[in-house]
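Have a look at the structure below, then the notes.
The values are calculated or read from the model by the stated rules, or taken from the named source; none is laboratory data. From a predicted model like this one, the values you see are computed outputs, not experimental measurements. Don't worry about glycine lacking a Cβ; one is built from the backbone with ideal geometry, like all the others, and counts go over all protein chains shown. Calculation scope for accessible area: heavy atoms of the full protein, side chains included, ligands and nucleic acids excluded. Shrake-Rupley method; radii C 1.70, N 1.55, O 1.52, S 1.80 Å.
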Amino acid sequence: MSQQTNIAAQTAFGEAVVTGNLDALDEIVAPDSVDHVPAPGQVPGPEGYKAMFGELRAAFPDLHVEVEHLVATDDELAFACTITGTHLGSLMGQPATGRKVRYRGMQISRFDSDGKLVERWGSSDELGMLRQLGLAEM
């Protein structure tokens, strides 16, 4: 696939997460897609991503991801981003704090010849996020 096709697929993935239209992931993610850094209990494919990002959106209904740097090849895409939101729902069993968070993340995605996400590696500053919420010590 082309770099532009992969960028369009990744953009659609991001829009699905930010808007909460997680059913759109069925068209973007391959059924056997693997997340190499899965959330606890995350299953492969679109269902795993829908569950993981559904929980994140429930905790942060105003979740926003700002892509700051993006690099693409014919089958891979990598980006660095800033994630923001207000903690208004339960997160990892912890009640809402009402606090705002701002933390960094990075992701690498690999796409198949149909432009569907088949592999994902992701990392974000979860400890920094938990510290901002007062849920982890400094």
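Please turn the phi angles of the range 100-117 into ³J(HN,Hα) values with the Karplus equation 6.51 cos²θ - 1.76 cosθ + 1.60 (θ = phi - 60°), one per residue in order, whole Hz, x for glycine and proline.
Along the range 100-117, the couplings run 8, 10, 8, 8, 9, x, 9, 8, 10, 10, 10, 10, 8, 5, 8, x, 9, 5 Hz.
Run the accessible area of the range 66-138 with a 1.4 Å probe and give the carbon-and-sulfur part as a rounded percent.
Answer for the range 66-138: carbon and sulfur cover 52 percent of the accessible area.
Assign one of three labels to the range 1-77, namely rounded, prolate or oblate, based on the Cα gyration tensor with a ≥ b ≥ c the square roots of its eigenvalues; rounded applies when a/c is under 1.5, prolate when it is not and a/b is larger than b/c, and oblate otherwise.
oblate
Could you give the accessible area per residue of the chain, probe 1.4 Å, as a whole number in Å²?
54
Rounded to the nearest 500 deg cm²/dmol, what is the calculated helix-only ellipticity per residue at 222 nm for the chain, with -39500 (n - 2.57) per DSSP H run of length n ≥ 4?
-9500 deg cm²/dmol
Provide the net charge surrounding residue 43, with neighbours chosen by a C-beta distance below 12 Å and charges set as Lys +1, Arg +1, Asp -1, Glu -1.
Spelling it out: positives minus negatives among the neighbours equals -2.
Relative contact order for the chain: what is it in percent, counting Cα pairs under 8 Å that are at least 6 residues apart?
Across the chain, relative contact order equals 25 percent.
What is the list of residues in the range 10-35 whose amide nitrogen lies under 16 Å from a point 7 angstrom out from the Cα of residue 119, following Cα to Cβ?
Flagged as within label range: 30-35.
Percent of accessible area on the range 1-41 owned by carbon and sulfur, 1.4 Å probe?
56
For the range 52-98, what does the convex hull of the Cα positions come to per residue, in cubic angstrom?
Residue-normalised Cα hull volume stands at 83 Å³.
Got a sec to turn the phi values of the range 76-83 into Karplus ³J(HN,Hα) couplings, 6.51 cos²θ - 1.76 cosθ + 1.60 with θ = phi - 60°, whole Hz, x for Gly and Pro?
So the Karplus estimates, Gly and Pro as x, are 9, 8, 10, 8, 10, 8, 10, 10 Hz.
Could you give the spread of the C-alpha atoms of the range 19-134 along their three principal axes, from largest to smallest, in whole angstroms?
Rounded to whole Å, the extents work out to 43, 27, 23 Å.
Between residue 23 and residue 137, what is the label-to-label distance in nm when each label sits 7 Å out along the Cα-to-Cβ direction?
Computed distance between label sites residue 23 and residue 137 equals 4.7 nm.
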